[in-house]
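**Q** Please read through the structure below; I'll follow up with questions.
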Amino acid sequence: MHDTSNPAEPQDPPHVPTRGTLLVDAQDKIGEFRGEAHGLWYLRPITGGCEWSVRPEDARPASPEQRLRAETARANARSRGEYL
């Protein structure tokens, strides 16, 4: 069996996540989805800080393990007064 899809056909754009969804970029960096502009998605570090942009095709939902780690990091940062 072979693939019958035409690679020249345009692909549907990825579904834009809900604000706050945890995503992982191509470098395995976890961030909270903040918005979309000019074809890019903007993520913010889970513990606060500057946003960075990613191409939608280079982002994927965080796994349950990654979400738990991120939420723990956020709680720890809050307890230290570092969360912005």
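**Q** Just the projected area, averaged over all directions, of the convex hull on the alpha carbon atoms of the stretch 22-79: how many nm²?
**A** 3.7
**Q** Which residues' amide hydrogens lie under 5 Å from the amide hydrogen of I46, considering only partners 5 or more residues apart or on another chain, with H built in the peptide plane?
**A** E32
**Q** Quote the charge dipole size of the stretch 27-84 about the Cα centre in Debye, to the nearest 20; the model charges only the Cβ of Lys and Arg (+1) and of Asp and Glu (-1).
**A** That gives a dipole near 200 debye.
Every number here is computed from the coordinates shown, using simple stated rules; none is lab data. Here the structure is a predicted model, which is why all the values come from computation and not from measurement. Here the Cβ is made from the backbone with ideal geometry for all residues, glycine too, and neighbour counts use every protein chain on show.
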